1. For region 37-65, which residues satisfy the criterion of being surrounded by fewer than 13 Cβ atoms within 10 Å (Cβ to Cβ) and closer than 15 Å to residue 14 by Cα?
2. With the structure loaded, tell me whether residue 41 is in contact (Cβ under 8 Å) with a residue 24 or more places away in the chain and in a strand (DSSP E or B) or whether it fails that test.
3. Do any residues in region 6-33 that are on the phi < 0 side of the Ramachandran plot and at pLDDT 95 or above have Cβ atoms under 9 Å from those of residues that are part of a loop (DSSP other than H, G, I, E, B) and surrounded by fewer than 11 Cβ atoms within 10 Å (Cβ to Cβ), where the two are at least six apart or on different chains, and which pairs are they?
């Protein structure tokens with residue numbers, strides 16, 4: 001059973017174009033994809049780093065907000 005960690009980092013991803021891919025990557029010696037979502041323009045996803053998720057890859061034009069600041073990814077085209 002997973003622990004509820006209130007100190008886990010959240011990020012907000014807002015798609016600026018159709019087809020933005022958000023991919024969760026696992027922790028451990030073998031980094032693997034474990035979850036994938038596709039967002040269309042205007043859709044927002046709130047993601048969390050957990051005991052299983054060590055990285056989040058975003059492919060496509062999106063606005064990203066974290067507790068460390070804001071950034072924007074480039075279009076995949």
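1. Answer for region 37-65, where residues must be surrounded by fewer than 13 Cβ atoms within 10 Å (Cβ to Cβ) and closer than 15 Å to residue 14 by Cα: 40, 42, 44, 46, 48, 57.
2. On the way: in contact (Cβ under 8 Å) with a residue 24 or more places away in the chain: yes; in a strand (DSSP E or B): no.
No.
3. 14/42; 15/40; 15/42; 16/42; 17/40; 17/77; 18/40; 20/40
The values are calculated or read from the model by the stated rules, or taken from the named source; none is laboratory data. This one's a predicted model, so the numbers in the text were calculated from it and none came from an experiment. As a convention, Cβ positions derive from the backbone with ideal geometry for all residues, glycine included, and neighbour counts pool all protein chains shown.
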